[in-house]
Each structure stands twice: as structure tokens, then as C-alpha cells.
Amino acid sequence: VLTLAKRFESLEQPARVLMDNQAFLNIELSRVQEERRQEMADALKRETEYQTRIAKTSAGEQQVAAQLKAERDTAARFERVRQMFSGAEADVYRQGGDVLIRLKGFNFEVGKAYILPEHYPLLTKVMQASRVINASKMVVEGHTDTTGTSAVNQVLSLERAAAVKAYIVNNGGLGASLISTICFGPDNPIAANISSEGRRLNRRT
């Protein structure tokens, strides 16, 4: 009996060692698996962040490209409008996001606000220019020379601006609600009022 007991004890000891080793291996395997899962999660997070950065960069580049294209398109449209008018007809320039057309070949008679038929083609060019630049609104400025009183010239300049507005509206240009008028009277001359030619140039819109 003693011999069997001792033999059992001699077998039990290695079995206990094997069980302890197996438990250790199981714990170690769980730790390694958890580390792998964490590594994969970290890698996925980094990949997601990388793809997000790429997407943001791509979107930013597309936005910049779109802005450059819009600016080039605007510049090209402005150049088309500028070339529509001769130097004797108008000065065309940009002021911020606006296109300004200072008509020099379209003038009014002294004390009058009606449009002479000879000026219809030039106003037609103005309407064509508004379509080229896709104008969403228009401001018509009326001016006079220094003939007459300041009060009379304020009214006269407004009537001149209103006449141009009416012509554009009635001939298929922008709608009336999209055109505003401003009167300056003789306050913003483009030529000296000391000569008849200077006064003619100042009777304008």
C-alpha cells in the first residue's frame, strides 16, 4: 500500500506541474490575444484617421480648385465685357465683385432726360454685357452738368437714370425690381464744366 501511495504521489506531482503550466499558458494566450486585438483596433483607428485626413485634404483641394476656376471664369467674363466697348463708348472696370460701365458715348441734351435713338445700340450692349457676367442686379447712376440749380439737377439726374432703367426693362433686360437708380446731379463730373464738350460728357449715366 505504501508503495502504491508513493507511486501515486510521484505521478501527481508532474500532473500538478502540467496543470499549472497549462493555466499559465492560457493566461499568456489571453494576454497575447488581447494585445493583438488592441493592436488591430489601434491600426484601424490610425487608418480611419488617415483616410479622414486624405478626404479633408481632397475636399480642400477641390474647394480651392473650384474657387480658382470661378475666379478665372469671372476674369474671362469681365474681359469679354471690356472688349465689347470701344474707348469712345465706355470705360469698363472692376470694383470688388462688381463690374462698372462708365458710358462716355451716351449723353443727354441740356435739361433733358429722354434717350436719343442714336444711343439705343450702346444701351443694347449694356444689356448684353449684363448677360455675359450673369448680373443679378444693376445700379444706374444719373449725372448732370452744372447748368441750372442744384435742386433741378438732382431731379434731372434721377429722371435720366430712370429713363435708362425703363429702356432696359422694356427691352428684355433685367426686371424692374433688380435695377435701382441713384441721382448725383452735378456732384461727380468726369470732365470740367467750363467747356461745352466737358458739360456734354457730364450729362450721362
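The values are calculated or read from the model by the stated rules, or taken from the named source; none is laboratory data. Bear in mind the structure is a predicted one, so any value in this text is a computation, not a measurement. For neighbour counting, all protein chains shown are included, and Cβ atoms are generated from backbone atoms with ideal geometry for every residue, glycine included. Please note that ligands, DNA and RNA were not included when accessible areas were found on the heavy atoms of the full protein model with its side chains. Shrake-Rupley method; radii C 1.70, N 1.55, O 1.52, S 1.80 Å.
Specify the inter-centroid distance of region 90-131 and region 51-75, based on alpha-carbon positions, in whole Å.
Spelled out, the Cα-based centre of one part sits 37 Å from the other.
Of all accessible surface on the chain at a 1.4 Å probe, what whole percent is carbon and sulfur?
On the chain, the fraction of accessible area on carbon and sulfur atoms equals 57 percent.
For the chain, what is the mean residue ellipticity at 222 nm derived from helices alone (per DSSP H run of n ≥ 4: -39500 (n - 2.57); sum divided by total residues; nearest 500 deg cm²/dmol)?
Estimated from H runs of four or more residues: -22000 deg cm²/dmol.
With springs only between Cα atoms under 10 Å apart, run a GNM on the chain and tell me which of 194, 115, 168 wobbles the most.
Most flexible of the set in this elastic network: 194.
Mind checking which of 52, 124, 146 has the largest fluctuation in a GNM of the chain, springs on alpha carbons under 10 Å?
52
Which is farthest toward the positive dipole end of the chain among 86, 178, 41, measuring Cα position about the Cα centre, with Cβ charges +1 (Lys, Arg) and -1 (Asp, Glu)?
86
Once you have a ≥ b ≥ c as the square roots of the Cα gyration tensor eigenvalues for region 30-175, tell me rounded if a/c is under 1.5, and otherwise prolate or oblate according to whether a/b is larger than b/c.
Prolate is the answer for region 30-175, as a/c is 1.5 or above and a/b outweighs b/c.
Expressed in nm to one decimal, what extension gain is obtained for the pair residue 80 and residue 149 from 0.36 nm per residue of sequence separation less their Cα-Cα distance?
20.8 nm
Count charges around residue 139 for me, please; just the other residues with Cβ under 13 Å from its Cβ, Lys/Arg as +1, Asp/Glu as -1.
+1
So which GluC sites (Glu not before Pro) in region 31-120 are both in a DSSP loop and have at most 15 other Cβ atoms within 10 Å of their Cβ?
Those satisfying the criteria are 109.
What residues from region 104-134 fall in the zone where the backbone N is under 15 Å from a label point 7 Å along the Cα-to-C-beta line of residue 196?
Label zone hits: 109-111.
In region 65-120, which chymotrypsin sites (Phe, Trp or Tyr not before Pro) are in a loop and have at most 14 other Cβ atoms within 10 Å, using DSSP for the loop call?
114
Mind putting a number on the dipole of region 78-128 about its Cα centre? Charges go on the C-beta only, +1 for Lys and Arg and -1 for Asp and Glu, and I need it in Debye to the nearest 20.
100
Taking only protein heavy atoms into account and a 1.4 Å probe, give the accessible area per residue of the chain in Å².
Solvent-accessible surface per residue comes out at 67 Å².
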